[in-house]
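The values are calculated or read from the model by the stated rules, or taken from the named source; none is laboratory data. Everything quoted here is computed from the prediction, not taken from an experiment. No Cβ is skipped: glycine too gets one built from the backbone with ideal geometry, and neighbour counts run over all protein chains shown.
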Ligand SMILES: N[C@@H](CCC(=O)N[C@@H](CS)C(=O)NCC(=O)O)C(=O)O
């Protein structure tokens with residue numbers, strides 16, 4: 001599917017927040033042009049980039065004159081604009097449960113997930129803070145237990161179908177299941193993660209070495 005103009009995405013592919021957007025585009029069959037920005041690529045402090053995104057963060061998109069940042073807002077925008085009633089469900093319960101889990105990912109899961117990522121991936125082994133890692137591991141385990149409970153009687157986070165609500169959680173689930181850490185058995189979460197692994201967009205953009 002084409003967005004009408006050319007959808008442009010600024011962001012490096014190893015960023016969890018950029019992954020959400022790329023995976024969403026694949027789910028929608030949306031074509032886009034992507035520019036490597038952020039991390040080792042730099043570019044986020046350039047005046048032209050800051051004029052679009054004063055946070056100096058990735059991702060940022062431009063679509064038909066609309067400039068947008070915040071990964072979950074971008075996923076919501078793409079799903080509502082190009083995916084309705086699929087990724088952005090028409091059903092009231094599914095729609096708002098999808099929204100709820102997207103907010104929850106940013107507000108509740110993200111802080112501990114961020115600590116785990118920075119400690120386990122971006123910090124040399126001899127400089128890691130074992131206490132911070134254990135606290136964040138326990139915090140994430142408690143969060144994933146909540147998701148496991150929510151998935152006990154449904155295939156996806158907002159209901160029987162895959163929706164935009166699965167995208168932010170799914171990106172972080174990949175990391176959770178691929179760090180070398182102790183994880184409590186959470187069978188519904190594991191079954192959902194295996195279902196995500198069957199999706200081409202997940203395999204293409206999320207399943208990759210964590211860097
Ligand atoms: N809340 C923002 C966070 C964006 C963010 O922190 N992005 C990180 C990458 S995951 C970033 O830009 N890091 C600096 C960089 O890549 O230069 C979102 O969800 O889009």
field: Breaking point among (1) within 24 Å of residue 174 (Cα to Cα); (2) within 13 Å of the ligand (Cβ to nearest atom); (3) touching a strand residue (DSSP E or B) at 6+ places or on another chain (Cβ under 6 Å), for residue 94
entry: (2)
statement: Of the residues in the stretch 1-16 that are under 22 Å from residue 166 (Cβ atoms) and assigned to a loop (DSSP other than H, G, I, E, B), the one that is farthest from the ligand (Cβ to nearest atom) is 1
Candidate set: the stretch 23-37, residues that are buried (at least 23 other Cβ atoms within 10 Å of the Cβ) and either modelled with pLDDT under 95 or touching a strand residue (DSSP E or B) at 6+ places or on another chain (Cβ under 9 Å) (or both); chosen: the one farthest from residue 200 (Cα to Cα): 37
query: For the stretch 120-145, how many residues are within 16 Å of the ligand (Cβ to nearest atom) and either within 23 Å of residue 76 (Cβ to Cβ) or surrounded by 13 or more Cβ atoms within 10 Å (Cβ to Cβ) (or both)?
result: 3
message: Exactly one condition in (1) within 16 Å of the ligand (Cβ to nearest atom); (2) not assigned by TED's automatic domain parsing to the domain that holds residue 16 is false for residue 79; which is it?
response: (2)
query: On the given criteria, is residue 88 within 16 Å of residue 202 (Cβ to Cβ) and in contact (Cβ under 8 Å) with a residue 60 or more places away in the chain?
result: no
message: Tell me yes or no: at least one residue of the stretch 112-119 is free of Cβ contacts under 8 Å to residues at least 24 places away in the same chain, under 14 Å from the mean Cα position of the chain (by Cα) and within 15 Å of the ligand (Cβ to nearest atom).
response: yes
